[in-house]
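Asks: For reference, the structure I am asking about is given below.
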Amino acid sequence: MATNHQLLNIASFIAGRIAFNKQRSFSRFIIRLAIGATAISVAAMLMTIAFTYGFQYAIGQKIFSFSGHIRVQHYQPNKIDIAEEIPIAKNDTVLRVLEANKDVKTVQAFATKYAIIKGSESFEEVLLKGVEKNYDFSHMNEFLKTGRWIHFPDSGYSNEINLSTYTANQLKLKVNDKVIIYFIQPDGSRRARPMVVAGTFKTGIEDYDKLNAIGDLRLIQRLNNWNEDQIGGYEILVKDYRKIDTVNSVIFQNLPSEWNSRSIRDIYANIFDWLNLQNTTVAIVIIIMIIVAILNLVTCLIILLLERTHMVGVLKALGSPNNVIQRIFLYHGVVITISGILLGNILGLLFCWVQQRYGLITLPEEAYFISKAVVKLEWWHVALVNAGTFLVCFLILMIPTIIVRRIQPVRAILFR
């Protein structure tokens, strides 16, 4: 009488002979077809997540690099996002609150003011963002296209300005060109200032490039008749962008009543809401791929079962228990699932690496804000896809085992 261990070895031996038989057979073809289809489904899910997450990350980082992660300003409940700020004095208490937070990377003062730039043939309106001498431009270096960032003199204010490539092209300006900039005062008067184009930048985000320019904060203070310690607010960069909302909440709770903090996600909610819509696309694609994987696995296992019905009848006639025969098809399902997942990971991750290294897939920047598709995957993305695929496939493996129990030996032996 065979022991349970021996019966299990028999099931494993038979399943292995069918799956890995070097001779051509229909069963071997079906198993390979199922492995290939599962691999394609897994690779498609990984690439969908990588491209969508990469797209969201790339656009988000562009906005964060130009505007910071959090802005701390005077509390203005009815202020629109692109309006000039109400001046507020630099505050040591606020600075201590900001710098004491271990998740804060940099704290930099800024202010904005609308201006009109006169070119040789046309005018362009810009929102001049004034920054201080110690402003860290390193996170914006990827945007610099020509020239350099503005230099700050020890006294007075810098007469240099950084324009977007869009504005410079519209006004037919290049690096080192002199330009007259008109600042509109609250009383409606205009104040002109001659300035020099130090360099041009391009973020790829049309709304930013059409509007923004960068200059010296001291120029805005002088134009607005502010004191040296008056600013528009603080621009904050955090160490981990995923903690923006948490850090913003902590900062807000510790600020004086006349100060307010807002994350850039709240300030530019329309852009981030649009980015979040991509999650719906990911969910739809993943659901479709899971359905494809399920239908593929069910179809292949049922075909495999029908093709091996005669074998099942013989094994039953020889006294093999149902659970031994079931394990033969469970083994096939496991081989298909694990092999498909491993091959899918290799294909998906390899394609992502090639795209990241060589940028084969390009995009129209004016429509998508980036010139090439960006891929980004977290380890838990891969783990979730693999675990989800394995779980779904494991549940599907129960179907042929139920059918095996209903097969009658006599009819199965006669089945051809």
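Asks: Assuming 0.36 nm per residue, please report the length gained on full extension of the stretch Glu132 to Leu360 beyond their Cα-Cα distance.
Replies: Difference between extended and current length: 78.1 nm.
Asks: Then there is this: Could you derive backbone 3J(HN,Hα) for the stretch 269-282 from the dihedral phi with the Karplus parameters 6.51, -1.76 and 1.60 (θ = phi - 60°), listing whole Hz in sequence and x where the residue is Gly or Pro?
Replies: 4, 4, 5, 6, 5, 5, 5, 5, 5, 5, 4, 5, 4, 4
Asks: Is the stretch 182-262 rounded, prolate or oblate when judged by the Cα gyration tensor, a ≥ b ≥ c being the square roots of its eigenvalues, rounded requiring a/c under 1.5 and prolate requiring a/b larger than b/c?
Replies: Since a/c reaches 1.5 but b/c is at least a/b, the shape of the stretch 182-262 is classed as oblate.
Asks: Now for a separate question. Carbon and sulfur: what percent of the stretch 96-227's accessible surface (1.4 Å probe)?
Replies: Ligands and nucleic acids excluded, carbon and sulfur reach 46 percent.
Asks: Per residue, how much accessible area does the stretch 62-177 have with a 1.4 Å probe, in Å²?
Replies: It amounts to 48 Å² per residue over the stretch 62-177.
The values are calculated or read from the model by the stated rules, or taken from the named source; none is laboratory data. Worth saying up front: this structure is predicted, and the values here are computed from it rather than measured. The area values use the complete protein model at the heavy-atom level, side chains included, leaving out ligands, DNA and RNA. Shrake-Rupley method; radii C 1.70, N 1.55, O 1.52, S 1.80 Å.
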